[in-house]
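As structure tokens, the structure follows; a few thoughts come after it.
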Amino acid sequence: MAYGFTTAAYVVAAVLFILSLGGLSGQESAKRAVWYGIVGMAIAVLATLVGPGAGLWPVSIILILLGAAVGYQLATRVQMTQMPELVAAMHSLVGLAAVLVGFIAHIELRRVAGMTPVEREGLEGFAALIAHKDPAELAILRIELFLGIFIGAITFTGSVIAYGKLAGKVSSAATKLPGGHWLNIGAAALSALCLIWYFNTAGLFPLILMTLAALFIGYHLIRGIGGADMPVVVSMLNSYSGWAAAAIGFSLGNDLLITVGALVGSSGAILSYIMCKAMNRSFVSVILGGFGSTGGEQMAVEGEQVAIDASGVANALEDADSIIIIPGYGMAVAQAQQAVSQLVTKLRNQGKTVRFAIHPVAGRLPGHMNVLLAEAKVPYDIVLEMDEINDDFKDTDVVIVIGSNDIVNPAAQDDPNSPISGMPVLECWKAKQVFVSKRGQGTGYSGIENPLFFKDNTRMFYGDAKKSLEELLGKIEG
Amino acid sequence: MKIGAPRETHKGESRVAMTPKSAQELRKLGHECLIETGAGTKAGFTDEAYREAGVTIVEDAAKLYETADIVVKVREPKDEEIERLSKGKTLISFFYPGQNEALLEAAKTSGATVIAMDMVPRISRAQKMDALSSMANIAGYRAVIEAGSNFGRFFTGQVTAAGKVPPAKVLVVGAGVAGLAAIGTSTSLGAITYAFDVRPEVAEQVESMGAEFVYLDFAEETKDGAESGGYASVSSPEFREAQLAKFRELAPDMDIVITTALIPGREAPELWTRDMVESMKPGSVIVDLAAEKGGNCKLTVMDEKIVTDNGVTIVGYTDFPSRMATQSSTLYATNIRHMMADLTPGKDGTVVHDMEDDVIRGATVTHDGEITYPPPKPKVKAIAAQKPKEKVKEKTPEEKRAEEKAAFAAQTKSQVTLLAVGGGLVLFAGLFAPASFMQHLIVFVLSVFVGFQVIWGVAHSLHTPLMAVTNAISSIIILGALMQIGSGSAFVIILAALAVFLAAINIFGGFLVTRRMLAMFQKS
């Protein structure tokens, strides 16, 4: 009886999950959407506990409660600017869980295989499920759990490295071991061999070998991707964790796992695709790491960077009617969003039009800037996307660029040999005046020179973004 | 170094090359400043003001030339002024070395270094010392003001109780710095402004100032202004004819014509012929900014205002900047100050005349007893070459429809191909895989499909919450661990327990973080 109930509950949960993702299309409905997700998850877990996962349920509940306590701590303590790291770190948990589940499936498979038919009748829970499979199904099962472990292991190490890079614990530069992608290809080939081996022998050794290879791929692949591409990487790992769950779902014969895994997998894939498109780069070149080399010489940048101090910026802001602010990763690093918010409030109180222009890949996570600005209570209807605002720059008096670089680089349009050539950028140089808040004269994440800083209508406002803005705040009335 | 500014000796010249403010800045560079008594009076700067700024007042020019190491002035020097220079001294002023060969020769004999402000190359870095542009800006503004004071009507159209006033129509010929300044002034006064230039690439600048660019119906490969450092060059006779024909057509309608067309080192081209003047309405005004070089209109009399027989006023003043001496002196003195800043890189009062520097090399016309004009081509091109703009053709409705049809067909094709390939693969799998697997596969494929459909609609700003939610949801893997925990050995239990624990962290962490993020989104 229990299983019928479980299936019904799974259907409800699956629908809730779909609604949850779909509900994220708007800020208001998103709040409801999260509740759908939470309820869906609760139903799924409860239904499993009373149904196929009833064995040792007290242990399960205790562990869930423990996990809840840890999760609660994590989620409430973390700073909004650390969000990218947190998400990356949590992906690694899913990856690791998938590896564990895969291995258990293997162990159980072996145990059941060694039993007599009589013993098999006495089995319960998961083992009983395996016991009723015919040989063809068992073969498929082996492939499924193999894939689950493979993807899970890549997700695990990949996420750990991504976390390290985002948290600044690992160098964000793209580094590869000698051998580069051949190492990855070698490890992948080894895994493929292990699959054949495991398919035929069902031994533990090829499984472990493959796991090690996959762990290496995850590590090395993500090490080889530069910090600027981390948004794509995080979203890609998100996708992987979904596929891992789906593969495990196949091996366990659990439709809800398959459904949700597929949902998560496809959503992560699309998100990665959207971001790659925003950067005008192919998904493959992002995954293979680093900016592709180009043939010709890059245009040399002529001119000089002219600095300005806070009072100069304040004067220009006093005179301006329309202002656009372009935040970037530098704002997040300096934790300057509160200062930005106060500045915006003051300027708006003076009756000026102030808007934000957000590039799709600003920051280290998709929508990173939106979250930070929202945290600082910037009303979201003045926060606009690139496509919505790009045509307005020419009618704008002052643009303030806070800690962004590549996304406002005119070389993307002017210089066909630039590594970022063709990437859509915010055309802020068309405004009457541009102020760039920047720590120093260095280049951005992609390491290329930005002609914007040398333009005649650009003034450099050097210094830590937060300090600069706070100094500026003191000079503006309102 | 001692920097001295003498009184301008040219008749009617009111400008001065140093202001109290620029003197203060020069002193910050480590220089000492001198000025001839009364030099700034006509520009509105008293000796007292200079003294307060720390400038030493010198009683006459002779004394000034004797004490100062660097003499700064506005107009090109007179012969007697050149004679006062000697080796080791530097003169900074307008010089026009191309037209003043005798003067250049005299400067060479004196042994002094001469920096010509009109020779500053037109590169971005040197814009702060581009005195020609700052003066042209003033001239353009003043030209409109002069035209207005000689014009008997409003610039703006008005409908008043006392009747309707039509707006004035202004044509600006030549959209260089002066032309653009004139356009800006004229449009802000409310006139309907038209502008013409032989360089079609400036049309965008003209339109950005609010004027209408007059296009010629002429298919010549026009020369790129960037080649000649942003200045116009001589055009072909056919082009000239087309241009004159256009002006002839416009002339009867125009109330005010401002001509600013100059070609460097040549006489001003005749653009506004006698018959055009005759076809204009009585009361119309022509301001010829090229008067000094013979005028774009041959009726122009240099330095004078005349009225033709048919009542058209032609203003041929050449001293527009001088007529706004305070403003022009301030700007010119700032240009000089920037030049000095480049000459004193150490800010310690020591002049380093770096002949390797593009800007300093370009502006220096005599140095160390030798003539250094003309300078070699600068290493940096003034303006990036204009890429020929491709005109986007307006598509006809038929073309649009055809395009839409083609796009639709392409889409259908790709979708059908995808479906066929996908379907084929599934069928192929179905041949070999057991039935239970196929059931799951259906669920899987449908879910992927739903995922794709749903995610496309997610708002960009919600991508981070989306990722947090999907992350939380991906901990559905907990179900697998829950199913396994009650099965088998202690080792399995431990592994499964660990998996449950990890996934649980993720569930709660993920959803809580998402809630935190979403709670922040607010509408004003």
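The values are calculated or read from the model by the stated rules, or taken from the named source; none is laboratory data. Given the structure is predicted, the values throughout are model-derived calculations rather than measurements. No Cβ is skipped: glycine too gets one built from the backbone with ideal geometry, and neighbour counts run over all protein chains shown. With ligands, DNA and RNA removed, areas are computed over all heavy atoms of the protein, side chains included. Shrake-Rupley method; radii C 1.70, N 1.55, O 1.52, S 1.80 Å.
Where the centroid of each part is defined by its Cα atoms, how far is the stretch B:288-348 from the stretch A:137-164 in Å?
What the calculation gives is 78 Å, centre to centre.
Expressed as an acute angle from 0 to 90° and rounded to the nearest 10, what is the orientation of the C-alpha long axis of helix B:490-520 relative to the principal long axis of chain B?
Tilt relative to chain B: about 40 degrees.
Does the stretch B:397-520 classify as rounded, prolate or oblate by the C-alpha gyration tensor (a ≥ b ≥ c root eigenvalues; a/c under 1.5 gives rounded; else a/b over b/c gives prolate, otherwise oblate)?
Because a/c hits 1.5 or more and a/b fails to exceed b/c, the stretch B:397-520 counts as oblate.
Sort A:MET115, B:MET209, B:MET254 by accessible area with a 1.4 Å probe, largest first.
Output order, biggest surface exposure first: B:MET209, A:MET115, B:MET254.
Round to the nearest 10 and give me the degree value, 0 to 90, for the angle of helix B:101-110's Cα axis relative to the longest principal axis of chain B.
Roughly 80 degrees, rounded to the nearest 10.
Give the B-A buried accessible area in Å², both sides summed, 1.4 Å probe, nearest 100.
8900 Å²
Only Lys, Arg, Asp and Glu count, each charged at its Cβ (+1, +1, -1, -1), so figure out the dipole size of the protein assembly as shown about its Cα centre, rounded to 20 debye.
3080 debye
Can you tell me how the stretch A:310-473 classifies by the Cα gyration tensor, rounded, prolate or oblate, using a/c under 1.5 as the rounded cut?
rounded
Among the complete DSSP H segments of chain A, which ones combine at least 24 Å of alpha-carbon extent along their axis with a mean Kyte-Doolittle hydropathy of 1.6 or more?
Those that pass (Cα extent of 24 Å or more, hydropathy at least 1.6) are A:2-22, A:204-223.
Using just the helices of chain B, give the 222 nm mean residue ellipticity in deg cm²/dmol: DSSP H runs with n ≥ 4 each add -39,500 (n - 2.57), and the total is spread over all residues, rounded to 500.
Here the helix-only value at 222 nm equals -14000 deg cm²/dmol.
5 Å is the cut-off here: which amide hydrogens, built 1.01 Å from N in the peptide plane, fall below it relative to B:VAL165, excluding neighbours closer than 5 in sequence?
Here B:GLN158, B:VAL159, B:THR160 satisfy the definition.
From other protein chains only, count the Cβ atoms within 10 Å of every residue's Cβ in B:432-438, then give the mean.
Rounded to a whole number, the mean comes out at 5.
I'd like the antiparallel share, as a percent to the nearest 5, of DSSP beta bridges with both residues in the protein assembly as shown.
15 percent
Of all DSSP beta bridges in chain B, what percent run antiparallel (nearest 5)?
Close to 20 percent.
Sort out for me the Cα centre separation of the stretch A:214-255 from the stretch A:365-408, rounded to whole Å.
If we compute the Cα centre of each part, the gap is 30 Å.
To the nearest 10 square angstrom, how much accessible area does A:TRP197 have with a 1.4 angstrom probe?
110 Å²
In the protein assembly as shown, if the dipole is taken from +1 on Lys/Arg beta carbons and -1 on Asp/Glu beta carbons about the Cα centre, which of B:GLY54, A:GLN342, B:ALA490 is farthest to the positive end?
Sorting the options by dipole projection puts first B:ALA490.
Would you please classify the overall shape of the stretch B:7-68 from the alpha carbon gyration tensor, given that a ≥ b ≥ c denote the square roots of the eigenvalues, rounded means a/c under 1.5, and beyond that prolate means a/b larger than b/c while oblate covers the rest?
oblate
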